[in-house]
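Heads up, the thing below is written out as structure tokens.
What follows draws every value from the coordinates through simple rules; no lab data is involved. Just so it is clear, the structure is predicted and the values come from calculations on it, not from any experiment. No Cβ is skipped: glycine too gets one built from the backbone with ideal geometry, and neighbour counts run over all protein chains shown.
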């Protein structure tokens, strides 16, 4: 019983799995075969028909078949349009996915380029910083009369400066051909015996001949200096 039931289930699945075109072809074949069989049986009557009657008979026989295939054509066209629409939607999704991937790749490349650029700029800044001299300034006033006799120590703790000029209020008070790392020089000059702020500048060349000027405000404090003739401080006044 189960085998018989399974057989009919398989048969039902097979028949229902046939496409619309398959059914149309087979129904058309059966229909035309039946029509030919009937016309063969009525052949004696058929040859007696007039031409217009034969035309009406042909239209009556083949009209349903033509209508069936016309409907099938519309169904097939609609199916193809649906498949075409689905294909276009799939292409659009693939194109969008490709564009997103390209954007992501461009973003990754941009970030990598920015990292490389930052690295290059950092290394350049490091090289530039290594070439720059780093001056340390200190001053004392060991003696004074009507003026302050200032002894300033200029020490370099960085790169090699050349053609060094020490200027006080725009006037050159000392020059040096070069100052190696760790070297120091003594600069002496006189100042009025009063509080004041003076422009102090160190001009030099470094690296491949680049010119630079380090500017300071030199503050002199006489009135409130405790235990000393005067106190002098050098304050960087601006970036070169």
Quote to one decimal, in nm, the extra length available between residue 140 and residue 181 on full extension: 0.36 nm per residue of separation minus the C-alpha distance between them. 12.5 nm
To check my understanding: the extent here is largest minus smallest coordinate of the Cα atoms along each principal axis. What are those three numbers for the range 133-238, in Å, largest first? 45, 23, 18
Rounded FRET efficiency, nearest 0.05, which uses the C-beta distance separating residue 69 from residue 90 and R0 of 41 Å: 0.85
Quick shape summary for the range 56-173, equivalent ellipsoid via Cα gyration tensor, semi-axes whole Å in descending order, reads 97, 13, 9
